[in-house]
Structure formats: C-alpha cells, structure tokens
1. Order these by the 10 Å Cβ neighbour count, fewest first: 252, 234.
2. If the chain between residue 288 and residue 9 were fully stretched, how many nm would it gain, using 0.36 nm times the residue separation less the Cα-Cα distance?
3. On full extension of the chain, what length is gained from residue 333 through residue 270, given 0.36 nm per residue of separation minus the C-alpha to C-alpha distance?
4. Could you check which residue among 261, 345, 307 shows the biggest mean-square fluctuation in a GNM of the chain with a 10 Å Cα cutoff?
5. Against the longest principal axis of the chain, how steep is helix 287-309, in degrees 0 to 90 to the nearest 10, with axes from Cα atoms?
6. Mind computing the radius of gyration and Dmax over the alpha-carbon atoms of the stretch 60-287? Å is fine for both.
7. Where the Cα atoms of the stretch 1-100 are projected onto their three principal axes, how long is each span, largest first, in whole Å?
8. Taking Cα atoms, how many degrees apart are the long axis of helix 373-389 and the longest axis of the chain, rounded to 10 and kept between 0 and 90?
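What follows is calculated from the coordinates using simple rules that are stated; it is not laboratory data. All figures in this text were calculated on a predicted structure; none of them were measured in a lab. Quick reminder, even Gly has a Cβ in these numbers, built from the backbone with ideal geometry, and neighbours come from all protein chains shown.
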C-alpha cells in the first residue's frame, strides 16, 4: 500500500526507550542535546515579534512565487550588513518555509529519480529522509579530522558517477562545527566546474563563528552554480516562524535558467503565509540580541567543558570553529549507542552517540553548547564521572 520511499525503520531506538524509562520513573534528565533555542532560556523581544505578525497587509492575498519583495529585500540587507555582501540581488532569492523545503526544491531542480548527490560524513541525519522523499541517492564523502576537519577531495573523485548532480557542503557543519575554508572552496569550485556539478551550501549556523568572524558566505560564490540555504531558525533563533530561503549564484546564464525553474517549483507549492512574510524584517532584527546571547552561551559552555576536561585524560574534545555543538572523543569500551544508554540510565544525562551523525567508528559523543549553563556543567561532570569510573 505504501511507497518504497517511506519504507523507513520506524521502531524506537534503544536511546529513546531509555529516555522514556528514566522519565517514567520520575527521574530528571539532564539534556545535553538541546537544539530548540526557544526552550534554552534565551531572552526574546516578545512584544516586537508578536506585533510584527499583525500587519494589516496580511489580509491581502498576494501570491508571489519568490516571496514578497519587502521580505527578500530584508534578507539581502542582512547579507550586506552582517556579511558585507553588497551585490546580492533580491531577485536571486526564493523564500521557503524551511531549509528542508529549500532542499526539496533544489533536489527537484537538479535530480531525476535515482540521481546522486555527494554529502559530507559526518553530518546532520536529516539529509537521508529528504533524499528518500525526493527519490535521490546520497553518496557520502568523508570529512577527515587531523588538527581540524578537512574535506576529502580524493574520496569525492572516487565517489563520482555519471549520475552525480551536485555536492552538498554544510558551512559550518553540524555537528563538527567546521567551516569550508577558502582553499577548500577553491578546490570545491574546481571540482564542480570540471564535472559539471552544482554546489549546495547549508549555512544555517554561519553567524555562529566562535572567533566572532564568520567565514565568507557561499552567497558570494560565483564560480559555479551555487544554491545557498539559510533561514531565521538559527539566524534569529526562531524555528517556529518558518522563514528560510534559497540564494542562487554563479555564472549568469546558469543562474537565470535555475531561477526560472525554481520559480515554477515555488509557484506550484504556493507561497508561505502572508503574516510571516510581512514580519521578515522584524524577525531578522531579532538576531542582533539573540546571536550575542547564544555566542556567550556557547563560549561559556565550551570554557566550562575545557575546564572539566583538563582534570582528566579519559576523553578530549575535537576542534570546533562554529555552530552550537561540540564533539567529544571518548574511550571505545562499547558502542556509542550503548555508552549513551548507559550514561542515561546510570547518570540521567542525555548525549547523542556519534552514529546518529554517521561518524565512521565508535568513540564519539555529541553535546549541545546552547544547554543552560548550570545543566551543562552538571551534565558534563556526570558524564566524565562515568567515563573515568569505567
């Protein structure tokens, strides 16, 4: 009765079962995996946000496939003021309700059923589900860790087939926190140009560079056809508002052809809700206070983690350049899933095992750096107690 594309394993994993066991017994779980900023104790300008949703213009239905000009102009202004990109034409932007929808549009644009895209490994597990729904095959290429993370271009060459249509980069990656550095960008552009591929850049965490200077956005990448995805989910820490976009850049003829097709795709799915579109300028303004809070939280938790790690030798953290997550390398005495379940049952601490993000081997845990500081410090302490005891 159901399509093969939804033939996923829907049974609960052991970690989910363990979470329910601990909570059903009345235990309080210290959650070191928090990804929802609206529940991370941040201070939002609630009156301004709610007021922005009450524009009387929202009573008029004005279907614009690319999105309202005022919303797209506000996004172009964000790139100018935040990243110094002065030549982003709002006509090169298409609004979507999420980066997931943005991926859907781009996958539909580039791929016939069974075509392939190269994606980084480790990375966020959402890609697999998005690709299944679009009948696209994902082919992983490794990120290699050696005093920092690097793209493995020889492996990318080996992964190429006649059905490869593009390369996905996450800038910075979730969960490794690694940016695509300038030399890698040059190599990526050469690789895509030589093989006739598009670049797809996910930049939702771009603004959260730990040295407070983000590396250059792919929005300014004009060497090859490039689709840059971002949105207010992370920029303004407002995932519930459902505002995202695709920015298209590259050679003029390729951009014009891609934009014409993307506009038809967007028009077919209909534009996002009018109240949200009219609110985009105000929602983007929220980043000015929210990003400061989040960066302070991330840097504070990272300093606390380093303080506690310095007192032991059982595990270490890997270099992180940006984003909201950090990777711990831990002793391999069991699988990562078994360790995460053990940590939950014995210490009431929730951490993500590395295999959730396709790490190639056991020995990794992923922690959220936006966890409230007191919970983060206590959770890390309990985690290290378990590792040292074992």
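1. Lowest count first: 252, 234.
2. Fully extending the segment from residue 288 to residue 9 adds 96.3 nm.
3. The span from residue 333 to residue 270 would gain 17.5 nm if fully extended.
4. It is 307.
5. Around 30 degrees separate the two axes.
6. Radius of gyration, then largest Cα-Cα span, for the stretch 60-287: 16.6, 55 Å.
7. 53, 45, 34
8. With both axes taken from Cα atoms, the answer is about 50 degrees.
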